[in-house]
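Trainee: The structure's right below; bear with me while I get my questions together.
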There are 2 protein chains.
Amino acid sequence: MDDSAAALDRTFHALADPNRRAILALVRNQRCAVGEIATSLGLSQQIVSHHLKVLRAAGLVTGARSGTRHLFAVRVEGLAVGKGFFDDFWPERLSALKRAVESSVGGGRD
Amino acid sequence: MDDSAAALDRTFHALADPNRRAILALVRNQRCAVGEIATSLGLSQQIVSHHLKVLRAAGLVTGARSGTRHLFAVRVEGLAVGKGFFDDFWPERLSALKRAVESSVGGGRD
């Protein structure tokens, strides 16, 4: 399996969990400490640490020290791996079909 | 867990496997029988049937009889579930940052 296939495996595996998606949504717009994530989501710090480990292994979050705190943030290059799969994969003929349907709906309205 | 969270779980779980992504790529533009998929990918029919079961449970492929054959095709509504996650999730501030970087690169060429 090449690197990009392994990266997609890790990305999709990491995203296949509602708590991990909730953590990503939390750290999307602001950096958060483990304790803040745990409180926000009503999870134990131990569970949050486990999920962060999976998300980091998939390259979806980064962690960095800020003074005495360890803060986590979304890693956009990691998200781009999953987004790129759908952008590349989207069937061209289906996009064409969608455009044709939209255009025929638009035409009905005159 | 609500229905959409469960659908995302199933979608990402199904996509976290290189053989299942290869099957999706095969049935994206043309309908295929299990045997054709197995031959194309060098897998046993048993393994392909297992992967198709996971893909169908996730709503990513459909199967239908065509005469005496059973043909599988990609299901675009299923793909849209995963694509929608990235479209909704993409951090607005990061898009803005990307635009700013691209615009400054463009400006440098002038």
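Trainee: Once label points are set 7 Å from the Cα along Cα→Cβ at both A:Ala6 and B:Thr68, what is their separation, rounded to one decimal in nm?
Mentor: The modelled label-to-label distance comes out at 4.6 nm.
Trainee: Related question: Once the label point is placed 7 Å from Cα along Cβ, list for B:Ala5 the distances to the corresponding points in the other copies, in nm, shortest first.
Mentor: 3.3
Trainee: Just to confirm the numbers: A:Ser66, label point 7 angstrom along the Cα-Cβ line, distances to the other copies in nm, shortest first?
Mentor: Nearest first, the other copies' label points are 5.4 nm away.
Trainee: Next question. For labels at B:Glu77 and B:Gln46 in the simple 7 Å Cα→Cβ model, what's the distance in nm?
Mentor: Taking the two extended label points, one gets 3.4 nm.
Trainee: With each label point set 7 Å from Cα along the Cα-Cβ vector, what nm distance links A:Thr39 and B:Glu102?
Mentor: Roughly 3.9 nm, to one decimal.
Trainee: Here's a follow-up. Using the beta-carbon distance between B:Ala22 and B:Asp88 and R0 = 30 Å, what value does 1/(1 + (r/R0)^6) give for FRET efficiency, to the nearest 0.05?
Mentor: Given R0 = 30 Å and the Cβ-Cβ separation, E is 0.65.
Trainee: Can you tally the net charge around A:Val27? Count Lys and Arg as +1, Asp and Glu as -1, for every other residue whose Cβ sits under 10 Å from the Cβ of A:Val27.
Mentor: Combined, the nearby Lys, Arg, Asp and Glu give +2.
Readers should treat all values here as calculations from the given coordinates under stated rules, not as data from a laboratory. Bear in mind that the values here come from a model prediction, so they are computed numbers and not experimental data. Don't worry about glycine lacking a Cβ; one is built from the backbone with ideal geometry, like all the others, and counts go over all protein chains shown.
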